[in-house]
1. Six or more apart or on different chains, Cβ atoms under 7 Å: show the pairs whose first residue is in region 91-103 and in contact (Cβ under 8 Å) with a residue 12 or more places away in the chain and whose second is basic (Lys, Arg) and open to solvent by 100 Å² or more (accessible area, probe 1.4 Å).
2. Could you please give the count of residues in region 42-63 that are more than 16 Å from the chain's Cα centre (by Cα) and either at pLDDT below 90 or closer than 22 Å to residue 132 by Cβ (or both)?
3. Looking only at region 39-70, which residues are of a type outside the set (Ser, Thr, Tyr), part of a strand (DSSP E or B) and within 14 Å of residue 168 (Cβ to Cβ)?
4. Could you run through region 50-82 and say how many residues are of a type in the set (Val, Ile, Thr), out of contact with any strand residue (DSSP E or B) (no Cβ under 8 Å at 6 or more places or on another chain) and open to solvent by less than 40 Å² (accessible area, probe 1.4 Å)?
5. Mind listing just one residue for me: the one in region 137-170 that is farther than 18 Å from residue 73 by Cα and buried (at least 18 other Cβ atoms within 10 Å of the Cβ) and, of those, farthest from the chain's Cα centre (by Cα)?
6. In region 83-116, how many are open to solvent by less than 70 Å² (accessible area, probe 1.4 Å) and more than 13 Å from residue 167 (Cα to Cα)?
7. Name the single residue that is modelled with the highest pLDDT among those in region 119-136 being closer than 18 Å to residue 68 by Cβ, open to solvent by 10 Å² or more (accessible area, probe 1.4 Å) and of a type outside the set (S, T, N, Q).
8. What is the residue count in region 118-161 for residues that are farther than 22 Å from residue 51 by Cα and either polar (S, T, N, Q) or outside any strand (DSSP E or B) (or both)?
Amino acid sequence: MPDSEHADYAATAAQEYWHARARDFFSDYADCLDQTRFDEWPTFFRAADCRYEIRSRENEDLGLPAAIMYCDTHGMIIDRVTMLRKALTYRHMIQRRFISNVRVLVHGAGQCTVRANFQLMQTDNDGVTSLFGVGQYRATLVRADTRIEAAELIVVLDTFGVDNLLAVPI
């Protein structure tokens, strides 16, 4: 096999590897939150250094850095789960996340930059389902031993009418 064909094959294989890992990551992430396994949520993030933010599309488009929710350490992500479990009072809803159009934008050196769309539906105790929000995940995923973790996960909400109390992670 000529060197150029070998390089093309290696690049395609790497792209397919990261695309499969990203799809699996987001499927597992959605399932964790949909099944209310909130104590597992921090395991999706790199412990050494990570960031989780929820931003509005409006702020994003205007270049404003203000986040609706901001966690820039693994400890803050763990604290978020502790607050959710022990301190916050909120209306419990069944949530379902639908993630599509997973795209690997850049990959190499054990990490990739990914973008994916999401839709989050909520069903209340009366069985009434409503759209909570739609938007986009923007993530930097890293290989950690046999797992994939998020070094950064930015949630950009297209929906303006988000509940004042954003208790559960998106």
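1. Listed by first residue and then by second, the contacts come to 102/23.
2. 4
3. Taking region 39-70 as the starting set, the residues that turn out to be of a type outside the set (Ser, Thr, Tyr) are 39-42, 44-51, 53-55, 57-69.
Checking the rest, the ones that are also part of a strand (DSSP E or B) come to 45, 51, 53-55, 69.
Hits for region 39-70 are 54, 69.
4. Within region 50-82, residues that are of a type in the set (Val, Ile, Thr), out of contact with any strand residue (DSSP E or B) (no Cβ under 8 Å at 6 or more places or on another chain) and open to solvent by less than 40 Å² (accessible area, probe 1.4 Å) number 1.
5. 157
6. Going residue by residue through region 83-116, those that are open to solvent by less than 70 Å² (accessible area, probe 1.4 Å) are 84, 88, 90, 93, 95, 97, 99-100, 102, 104, 107-108, 110, 112-114, 116.
Subset that is more than 13 Å from residue 167 (Cα to Cα): 97, 99-100, 102, 104, 107-108, 110, 112-114, 116.
Qualifying residue count for the region: 12.
7. Within region 119-136, the first condition is being closer than 18 Å to residue 68 by Cβ, and the residues that meet it are 119-120, 122, 131-136.
Right, trim to open to solvent by 10 Å² or more (accessible area, probe 1.4 Å) and you get 119, 122, 131-132, 134, 136.
With of a type outside the set (S, T, N, Q) added as a condition, the list becomes 131-132, 134.
Details: 131: 92, 132: 91, 134: 96.
Looking at the filtered set, the residue picked out is 134.
8. Keep residues of region 118-161 that are farther than 22 Å from residue 51 by Cα, which gives 121-132, 160-161.
Next cut, either polar (S, T, N, Q) or outside any strand (DSSP E or B) (or both) only: 122-130, 160-161.
Number of matching residues: 11.
The values are calculated or read from the model by the stated rules, or taken from the named source; none is laboratory data. Because the structure is predicted, anything quoted here is derived from the model rather than measured. Backbone-built Cβ (ideal geometry, glycine too); neighbour counts: all protein chains shown. These area figures cover heavy atoms from the full protein model, side chains too; ligands, DNA and RNA do not enter into them. Shrake-Rupley method; radii C 1.70, N 1.55, O 1.52, S 1.80 Å.
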